[in-house]
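Right, one structure below, let's go through it.
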Amino acid sequence: MTTVLVAAGLVMSAFGAFTTFQNTTTNSRIDELRETAKHAILRGEHDEFKLRLDRDIGLIREEQQRRGGSIVPRTEHEARWAATDRNIALLSERLNELRNSTSSTYTIRDEVHRMQTEVSEMRKLLNDRKP
């Protein structure tokens, strides 16, 4: 009978030690989770942070679209440069014709004055076309 009681005591002490070990492990894991929860943010805080970020992103996109609308496309610049080049070529041709013609009834002063008035009219037309 003593042997049975000693064996039962050993089994109970082993079971008690096992249970205590398991409880200690479980308690330490719960403590770890509580520590990490202290550094985590709540759902409401996350939602508020996300709303602020979305609002800021929206403002940035609006600013980007506003700036993008005021940029003149390259093709428009190229068209203006080509028109300017054609006007310069035309004026050069007229000046060369004037220099080469000897029987002209116009003086150089008259021709330059005529070209200045044409340039003034072109500038006026260009300024009228601008929005």
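Values computed for the structure shown
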item: Projected label distance in nm at Glu62 and Ala14, using a 7 Å step from Cα toward the beta-carbon; result: 7.4
item: Label-reachable residues, region 50-91, where backbone N falls under 16 Å from a point 7 Å from Met115's Cα toward its Cβ; result: 84-91
item: Helical mean residue ellipticity (222 nm; -39500 (n - 2.57) per DSSP H run of 4+; nearest 500) of the chain; result: -31500 deg cm²/dmol
item: Net charge of Cβ neighbours under 11 Å - reference Glu111; Lys, Arg +1; Asp, Glu -1; result: +1
item: Cβ-based net charge around Asn27, under 14 Å, with every Lys or Arg adding one and every Asp or Glu removing one; result: -1
item: Estimated inter-spin distance, Asn87 and Arg29, nm [label 7 Å along Cα→Cβ]; result: 8.2
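Just so you know, all these numbers are worked out from the coordinates, no wet-lab data involved. Source: prediction; values computed, not measured. Cβ: placed from backbone, ideal geometry, glycine included. Neighbour counts: every protein chain shown.
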